[in-house]
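J.: My questions all concern the structure below.
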Amino acid sequence: MKKKKRYVTLNARQRSEILYEDTQLIAVNKPAGILTVPIPGMKSANLQDALDSYLQSQKKKAQTVHRIDRYTSGVVLFAKSSRARSRLIEQFRNHEPARIYLALVRGVPNPPEAELVHYMKRIKDGFRNVIVPEDDPSGTRARLHYRVIEQFKDTSLVEVALDTGLKNQIRVQLTEIGHPTVGDRHYAGDEVEEKLINRQALHASRLEFIHPVSREIVGLEAEIPKDFKRLITYYKRK
């Protein structure tokens with residue numbers, strides 16, 4: 001018998017599917033456009049506040065473990081206890097969890113599979129990360145591995161295994177090699193012409209980590225949202 005899906009209400013129009021929940025953890029499939037955590041002074045819907053409301057009956061709070069960009073969809077994990085949070089954060093700090101993303105990018109990356117290593121730093125202009133030389137003392141090492149899953153006429157569906165987890169890392173590194181994420185107006189100005197999706201085509205599709213208490217491996221998958229599916233279908237037929 002198929003297990004019934006459960007959801008957390010985000011606002012009057014949106015909800016987030018619960019992918020996993022036990023006494024220590026809760027993970028959800030975040031819709032694009034929703035913040036992971038609240039921003040001071042902003043009243044925008046966010047996962048943390050929604051989960052705090054959901055967990056009220058359990059007398060618990062959602063404790064942040066990691067984040068994904070506001071306009072990226074997919075798996076986000078929260079802890080329900082300080083002990084669980086501390087152990088999970090240590091895993092992320094050591095780059096142990098498997099963090100797999102799907103991205104639709106412009107062009108066809110060559111080679112079709114490779115490791116990317118760059119050095120990035122945050123700048124105030126446009127609130128973004130930029131690539132800097134390796135010897136720049138303000139730079140932080142960024143590493144990922146990509147693999148082309150499917151090639152279309154002028155775009156490619158790419159799977160990205162994220163090692164380090166810097167802000168906007170995947171988007172910055174893919175743009176740097178000449179293959180920006182479709183719809184990413186922030187790092188590729190020409191994407192303002194893309195009318196089929198109003199955000200970057202990036203989805204956190206899978207997360208695998210060691211449970212902080214049971215020590216068992218937990219693997220979670222988040223279904224690709226409709227806007228991303230429509231985009232893939234269009235470029236597949238183009």
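The values are calculated or read from the model by the stated rules, or taken from the named source; none is laboratory data. Owing to the predicted nature of the structure, the values given are computational and were not obtained by experimental measurement. Positions of Cβ are backbone-derived with ideal geometry, glycine not excepted, and every protein chain shown enters the neighbour counts.
J.: Take Glu150 and decide whether it is under 24 Å from Ala32 (Cα atoms) and either free of Cβ contacts under 8 Å to residues at least 12 places away in the same chain or within 15 Å of the chain's Cα centre (by Cα) (or both).
T.: Numbers: under 24 Å from Ala32 (Cα atoms): yes; either free of Cβ contacts under 8 Å to residues at least 12 places away in the same chain or within 15 Å of the chain's Cα centre (by Cα) (or both): no.
It is false that Glu150 is under 24 Å from Ala32 (Cα atoms) and either free of Cβ contacts under 8 Å to residues at least 12 places away in the same chain or within 15 Å of the chain's Cα centre (by Cα) (or both).
J.: Turning to a different aspect of this structure: So in region 106-144, with the set limited to residues that are without any contact (Cβ under 8 Å) to a residue 12 or more places away in the chain and either touching an Asp or Glu at 6+ places or on another chain (Cβ under 9 Å) or closer than 26 Å to Lys236 by Cα (or both), which one is surrounded by the most Cβ atoms within 10 Å (Cβ to Cβ)?
T.: Step one: list which residues in region 106-144 are without any contact (Cβ under 8 Å) to a residue 12 or more places away in the chain, which gives 110-111, 123-125, 127, 135, 137.
Filter once more, keeping what is either touching an Asp or Glu at 6+ places or on another chain (Cβ under 9 Å) or closer than 26 Å to Lys236 by Cα (or both): 110-111.
Numbers: Asn110: 10, Pro111: 8.
Restricting to residues being without any contact (Cβ under 8 Å) to a residue 12 or more places away in the chain and either touching an Asp or Glu at 6+ places or on another chain (Cβ under 9 Å) or closer than 26 Å to Lys236 by Cα (or both), the top hit is Asn110.
A quick yes/no check of all residues on (1) within 17 Å of the chain's Cα centre (by Cα); (2) at pLDDT below 90; (3) on the phi < 0 side of the Ramachandran plot:
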| position | (1), (2), (3) |
| --- | --- |
| Lys2 | no, yes, yes |
| Arg13 | no, yes, yes |
| Gln24 | no, no, yes |
| Val37 | yes, no, yes |
| Pro40 | no, yes, yes |
| Leu51 | no, no, yes |
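J.: Would you confirm whether or not region 176-188 contains a residue that is touching a Ser or Thr at 6+ places or on another chain (Cβ under 6 Å), of a type in the set (Lys, Arg) and closer than 23 Å to Val132 by Cα?
T.: Within region 176-188, not a single residue is touching a Ser or Thr at 6+ places or on another chain (Cβ under 6 Å), of a type in the set (Lys, Arg) and closer than 23 Å to Val132 by Cα.
J.: Could you give every pair whose Cβ atoms fall below 6 Å, whose first residue belongs to region 217-235 and is closer than 11 Å to Leu157 by Cα, and whose second residue is surrounded by fewer than 18 Cβ atoms within 10 Å (Cβ to Cβ) and among the hydrophobic types (A, V, I, L, M, F, W, C), counting only separations of at least 6 or pairs across chains?
T.: Sorted first by the residue in region 217-235, then by its partner, the pairs are Leu231/Leu196; Tyr235/Phe152.
J.: In region 46-60, what residues are polar (S, T, N, Q) and either closer than 12 Å to Ala27 by Cα or part of a helix (DSSP H, G or I) (or both)? Please lay out each step first, then the result.
T.: First, pick out the residues of region 46-60 that are polar (S, T, N, Q): 46, 48, 53, 56-58.
Gln48, Ser53, Gln56, Ser57, Gln58, listed by residue number.
J.: Can we say Ala84 is in contact with a Leu (Cβ under 8 Å, 6 or more places away or on another chain), closer than 24 Å to Ser214 by Cβ and surrounded by 13 or more Cβ atoms within 10 Å (Cβ to Cβ)? Before the answer, list the steps.
T.: Details: in contact with a Leu (Cβ under 8 Å, 6 or more places away or on another chain): yes; closer than 24 Å to Ser214 by Cβ: yes; surrounded by 13 or more Cβ atoms within 10 Å (Cβ to Cβ): yes.
Spelling it out, Ala84 is indeed in contact with a Leu (Cβ under 8 Å, 6 or more places away or on another chain), closer than 24 Å to Ser214 by Cβ and surrounded by 13 or more Cβ atoms within 10 Å (Cβ to Cβ).
J.: Also, quick follow-up: Is one or more of the residues making up region 209-230 over 18 Å from the mean Cα position of the chain (by Cα), over 22 Å from Leu77 (Cα atoms) and not in a strand (DSSP E or B)? Explain how you work it out, then say what you get.
T.: Going through region 209-230, the residues over 18 Å from the mean Cα position of the chain (by Cα) turn out to be 210-217, 230.
Then keep just the ones that are over 22 Å from Leu77 (Cα atoms); that gives 230.
Now drop any that are not not in a strand (DSSP E or B), which leaves 230.
Yes, region 209-230 has at least one match.
J.: Condition test on Leu166, is it of a type in the set (A, V, I, L, M), surrounded by 13 or more Cβ atoms within 10 Å (Cβ to Cβ), touching a residue at least 40 places away in the same chain (Cβ under 8 Å) and within 24 Å of Ile217 (Cβ to Cβ)?
T.: no
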